[in-house]
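Visitor: Structure below; questions to follow.
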Amino acid sequence: DSSNTPFPDTATYAAYTADGGMMNLGDWRRDNVNTLVREVMGLVTNDHPAVRFGVSPFGIWRSGQPVPGLDAYSVISCDAPTWMANGWVDYLTPQLYWRETSLQQYSTLATWWAMRNMGGRHLFPGHAVHQLSAMNWPLSEIDGQIAFTRTLKSQGAQGDVHFRAAFIANNTKGVHTLFKTNLYAKPALPPVLPRAGASVAPAVPFVSVVGSTLSVTNPLPATVRFFTLYREVAAGQWELTRVRGGAQVSFPVTPGTWAVSAIGRGGAESQGVRVVIP
């Protein structure tokens, strides 16, 4: 912490070495943290296989790799790239709470995390929207960071996480407006859970037409997280227009060609049901 309070594990480590343990203090601490993360993942996988498990670690793994700063590996025993590489998390949200103009340049850090051995896992960089108030950041900083994240999509960066919700709800410096009208103006779906057996597509939904409304259900509602509505904007070209959760939903529609699908708990999508409204 800010007062450099010693971590109270002296007696526990002494008991470990007295029992024949050979790891040094740093390796032993990291092994304990790694074991916690690995075992939590095991519990989630066994008991709630469609639940997405991730961690938001400090944004610098080792000082100098790639930027200077607190060394999370040695100071707080955090070896997040190992969790990712071994499949002990479904995603990481590193806390990249620095400006592009700082020594801890956002684009440099985001690229470094995206280049780690991710094992098919996902990256959702963490952004400091609270700094719009605390450090008087311009709104353009958040705008530019999100734009950069989107250049890393092919490398596993599938979206962004913002700390914290109160500043969005309060529309600090217009951040809520920016999100609603520009950056997140269109609906989107979370990526499919990157875990074997966890992303089975649900059954095709039942769709009935009542006037200008589509009524949608599923034969196995417990397997469904969302229903989606697509509109055909050109021959064979579909645009996602609505996403709604619930066991039964309705979508108001206008004349045209539409399609409805179900999204499973793990993010997999069913086949669509095509509906033509005259």
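The values are calculated or read from the model by the stated rules, or taken from the named source; none is laboratory data. Quantities reported herein were computed from a predicted structural model and do not represent experimental measurements. Here the Cβ positions follow ideal geometry from the backbone for every residue, glycine too, while neighbour counts run over all protein chains shown. We work out accessible area using only protein heavy atoms, side chains counted, and drop any ligands, DNA or RNA first. Shrake-Rupley method; radii C 1.70, N 1.55, O 1.52, S 1.80 Å.
Visitor: For the stretch 135-160, what are the residues that are part of a helix (DSSP H, G or I) and open to solvent by 70 Å² or more (accessible area, probe 1.4 Å)?
Guide: Of everything in the stretch 135-160, those that are part of a helix (DSSP H, G or I) and open to solvent by 70 Å² or more (accessible area, probe 1.4 Å) turn out to be Ser140, Arg150, Lys153, Ser154.
Visitor: Among Val207, Val200, which is out of contact with any Pro (no Cβ under 8 Å at 6 or more places or on another chain), closer than 22 Å to Val260 by Cβ, touching a residue at least 60 places away in the same chain (Cβ under 8 Å) and open to solvent by 50 Å² or more (accessible area, probe 1.4 Å)?
Guide: Only one candidate qualifies: Val200.
Visitor: Do you know which residues across the stretch 262-278 are touching a Pro at 6+ places or on another chain (Cβ under 7 Å) and either in contact (Cβ under 8 Å) with a residue 40 or more places away in the chain or open to solvent by less than 30 Å² (accessible area, probe 1.4 Å) (or both)?
Guide: Once the filter is applied, which keeps residues that are touching a Pro at 6+ places or on another chain (Cβ under 7 Å) and either in contact (Cβ under 8 Å) with a residue 40 or more places away in the chain or open to solvent by less than 30 Å² (accessible area, probe 1.4 Å) (or both), the stretch 262-278 yields Ala262, Gly264, Gly267, Ser270, Val273, Ile277.
Visitor: Applying the selection to the stretch 167-187, what residues are free of Cβ contacts under 8 Å to residues at least 12 places away in the same chain and either under 21 Å from Phe58 (Cα atoms) or surrounded by 17 or more Cβ atoms within 10 Å (Cβ to Cβ) (or both)?
Guide: Of everything in the stretch 167-187, just one residue is free of Cβ contacts under 8 Å to residues at least 12 places away in the same chain and either under 21 Å from Phe58 (Cα atoms) or surrounded by 17 or more Cβ atoms within 10 Å (Cβ to Cβ) (or both), namely Phe179.
Visitor: Taking the conditions exactly as written (within 25 Å of Gln158 (Cα to Cα), open to solvent by less than 50 Å² (accessible area, probe 1.4 Å) and outside any helix (DSSP H, G or I)), does Ser77 satisfy them or not?
Guide: Taking the combined requirement at face value, the residue does not satisfy it.
Rundown of residues vs (1) of a type in the set (D, E, K, R); (2) outside any helix (DSSP H, G or I), yes/no style:
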position: Ala14; (1), (2): no, no
position: Gly20; (1), (2): no, yes
position: Gly26; (1), (2): no, no
position: Asp31; (1), (2): yes, no
position: Thr35; (1), (2): no, no
position: Val44; (1), (2): no, no
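Visitor: Moving on. Looking at the stretch 66-74, can you tell me whether even one residue there is over 15 Å from Pro125 (Cβ atoms), over 19 Å from the mean Cα position of the chain (by Cα) and either open to solvent by less than 10 Å² (accessible area, probe 1.4 Å) or among the aromatic types (Phe, Trp, Tyr) (or both)? So that I can check it myself, show each step before the final result.
Guide: Going through the stretch 66-74, the residues over 15 Å from Pro125 (Cβ atoms) turn out to be 68-74.
Checking the rest, the ones that are also over 19 Å from the mean Cα position of the chain (by Cα) come to 68-74.
Next cut, either open to solvent by less than 10 Å² (accessible area, probe 1.4 Å) or among the aromatic types (Phe, Trp, Tyr) (or both) only: 72-73.
Within the stretch 66-74, one or more residues are over 15 Å from Pro125 (Cβ atoms), over 19 Å from the mean Cα position of the chain (by Cα) and either open to solvent by less than 10 Å² (accessible area, probe 1.4 Å) or among the aromatic types (Phe, Trp, Tyr) (or both).
Visitor: A further question on this structure: State all residues of the stretch 31-89 that are closer than 17 Å to Leu103 by Cα and of a type in the set (Ser, Thr, Tyr); if no residue qualifies, say none.
Guide: Once the filter is applied, which keeps residues that are closer than 17 Å to Leu103 by Cα and of a type in the set (Ser, Thr, Tyr), the stretch 31-89 yields only Ser63.
Every residue, every condition in (1) touching a Pro at 6+ places or on another chain (Cβ under 7 Å); (2) among the basic types (Lys, Arg); (3) under 26 Å from Asn117 (Cβ atoms), yes or no:
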| residue | (1), (2), (3) |
| --- | --- |
| Asn32 | no, no, yes |
| Leu43 | no, no, yes |
| Phe53 | no, no, yes |
| Arg62 | no, yes, yes |
| Gly69 | no, no, yes |
| Ile76 | no, no, yes |
| Asn86 | no, no, yes |
| Ser102 | no, no, no |
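Visitor: Taking the stretch 213-242, which residues are of a type in the set (S, T, N, Q) and under 15 Å from Gly264 (Cα atoms)?
Guide: Thr217, Asn218, Thr223, Thr228 - these are the residues of the stretch 213-242 that are of a type in the set (S, T, N, Q) and under 15 Å from Gly264 (Cα atoms).
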